[in-house]
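Here the structure is laid out as C-alpha cells; the discussion comes afterwards.
The values are calculated or read from the model by the stated rules, or taken from the named source; none is laboratory data. A quick note: this is a predicted structure, and the numbers were derived from the prediction, not measured. Methodologically, a virtual Cβ is constructed for each residue, glycine included, from the backbone with ideal geometry; neighbour enumeration extends over all protein chains shown.
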Amino acid sequence: MSEPSSRPAPGTSRPAPAAPSSPASQSGDLTVARLQRRLAEFASARDWGQYHTPKNLAAALSVEAAELVEIFQWLTPEESARVMARPDMAHRVEDEVADVFAYLLQFCEVLGVDALQALSSKIDRNEKRFPTTGTGHSME
Ligand SMILES: [Mg+2]
C-alpha cells in the first residue's frame with residue numbers, strides 16, 4: 001500500500017471544530033507523546049512509515065507551512081489579524097496548523113528530537129542573545 005499521491009492527511013481524520021475556541025479548553029488531556037503515538041499508529045496502519053524519512057517529512061512540513069502562508073497571502077495586515085473571526089478562514093488556519101504540527105512531530109519522532117526540550121533550550125539561548133532593556137524593546 002502506498003501513500004496517496006494527492007497528499008494524505010498527516011494526522012487523524014477527526015474533523016476540526018466548527019468554530020475556534022480556547023486552545024486550553026481542547027488540549028487539556030493531550031500531550032506531545034500521546035499525539036506522536038497516534039500519528040505513528042495512523043501511519044503504521046496504512047504502511048506509510050516507509051515514506052516517513054527525515055527528508056520526506058521535512059519536505060512535507062515545508063509544504064504545509066506554505067499552505068498556511070497561502071491563506072494569508074493577499075490579506076491586508078488588518079484582515080490577517082481578524083482571520084479567526086471568520087469561521088471559514090479559521091477552519092483553514094486550524095487545518096494547516098494541524099498539518100504543520102503533525103509533520104513536525106513525526107519529523108521529531110523519526111530523528112529522536114525532543115521538540116519541547118529543543119524549544120525550551122532555544123528560548124533559553126534567545127533570552128541570553130536578546131536581553132531586554134527594561135523598555136520592552138530589545139532591538140534598540
Ligand atoms: Mg495542508
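Candidates in segment 80-114 are the residues that are touching a residue at least 24 places away in the same chain (Cβ under 8 Å) and of a type in the set (Val, Ile, Thr); of these, the one that is farthest from residue 60 (Cα to Cα) is 93.
Taking the stated definitions as given, is residue 33 at pLDDT below 95 and within 16 Å of the chain's Cα centre (by Cα)? Yes.
So which residues in segment 24-75 are free of Cβ contacts under 8 Å to residues at least 24 places away in the same chain and among the polar types (S, T, N, Q)? I'd like the intermediate steps shown before the answer.
At the first step, the residues of segment 24-75 found to be free of Cβ contacts under 8 Å to residues at least 24 places away in the same chain are 24-31, 33-34, 37, 41, 44-45, 49-50, 55-56, 59, 62, 66, 69-70, 72-75.
Scanning segment 24-75 gives 25, 26, 27, 31, 44, 50, 56, 62, 73.
Just a yes or no: is a residue in segment 129-139 within 15 Å of the ligand (Cβ to nearest atom), part of a helix (DSSP H, G or I), of a type in the set (D, E, K, R) and over 13 Å from the mean Cα position of the chain (by Cα)? There is no residue in segment 129-139 that is within 15 Å of the ligand (Cβ to nearest atom), part of a helix (DSSP H, G or I), of a type in the set (D, E, K, R) and over 13 Å from the mean Cα position of the chain (by Cα). In segment 31-104, counting only helices (runs of 4 or more DSSP H) that sit wholly within it, the ones holding 2 or more residues that are within 15 Å of the ligand (Cβ to nearest atom) span 54-72.
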